[in-house]
Amino acid sequence: MHNPREIVLSDSSTYAPLGIVACVFGGSIAAGAGLLTDGWYSVPLLVVGVLLIALGVAIGVLHRVQGAARLRITERGLIHSIGDEERVLPKEVITGIGLLRPRGGPAELSVWYDTAKVGELPKPLRHFERERGRLRLGVVMDEVGGMSQRRVREIREYVQRHRLSEWRNRRP
């Protein structure tokens, strides 16, 4: 369900079930093939199968115990949450949201923040930091795994409507 009060940039609950099923299914096939074949390659097939099944179970347990990991932009700022635990980059420290267009590469949706107001970036957000004072939230391109131009327009409209920060389009 679409919540008009936030923009969800990533949500592990959408892909975790698919990942679990894929690991268990692929692992079962590999383990079954390892049990049914003779020769030296039956042992690696069996090992890979068991490891894939274990990975699927581990993903399921972590997802059940911790909850889904979500990254979203709200009226409060940029929020990364796992289950009920939230790490917030407040809107007061965000100096800009927009596109950075590096030479020779695709545009990046970025959040710039005031390093003087942020003592230490919350640990889950450090993964997105590309340089001090800038977080990369996604790469804008039409390929799989990229953020579409339509999605960028939605984010821009949300940022401007809620006056989160200025919208920037920059080149390094």
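Here region 34-61 is scanned for amide nitrogen atoms under 18 Å from the site 7 Å beyond the Cα of Tyr15 along Cα-to-Cβ, giving 55-61.
Amide hydrogen proximity for Thr95: with H placed 1.01 Å from N in the peptide plane, the residues at 5 or more positions away or on another chain lying under 5 Å are Trp112, Tyr113, Asp114.
Equivalent-ellipsoid semi-axes for the chain (Cα gyration tensor, √(5λ), whole Å, largest first): 39, 18, 15. A simple rule links phi to the HN-Hα coupling: the Karplus curve 6.51 cos²θ - 1.76 cosθ + 1.60 with θ = phi - 60°, which for region 62-72 gives 4, 5, 6, 6, 8, x, 6, 8, 9, 10, 8 Hz, with x for Gly and Pro.
Put simply, the amide H of Leu137, placed in the peptide plane, has neighbours under 5 Å in Leu109, Ser110, Val111, leaving out anything fewer than 5 places away on its chain. Look at the alpha carbon pairs under 8 Å that are at least 6 residues apart: their mean separation over the length of the chain gives a relative contact order of 19 percent. Take region 10-66, drop everything but the C-alpha atoms, weight them equally and run the Debye formula without solvent; then report log10 I(q)/I(0) at 0.12, 0.14, 0.15, 0.30 Å⁻¹ to two decimals. Calculated log10 I(q)/I(0) at the listed q: -0.32, -0.41, -0.45, -1.05. With helices as the sole contributors, the chain gives -12000 deg cm²/dmol at 222 nm; each DSSP H run of n ≥ 4 counts as -39500 (n - 2.57), and the sum is divided by every residue. Using θ = phi - 60° in the Karplus curve 6.51 cos²θ - 1.76 cosθ + 1.60, the 3J(HN,Hα) couplings for region 152-164 round to 4, 4, 4, 5, 4, 4, 5, 4, 6, 5, 9, 6, 5 Hz; x is entered for Gly and Pro. The three principal axes of the C-alpha atoms in region 90-170 carry coordinate ranges of 36, 27, 22 Å, sorted with the longest axis first. How many angstrom lie between the C-alpha centres of region 118-135 and region 27-104? Cα centroid of region 118-135 versus Cα centroid of region 27-104: 20 Å apart.
No lab work stands behind these numbers, since they all come straight from the coordinates. This structure is a prediction, so every number in the text was calculated from the model and none was measured. Backbone-built Cβ (ideal geometry, glycine too); neighbour counts: all protein chains shown.
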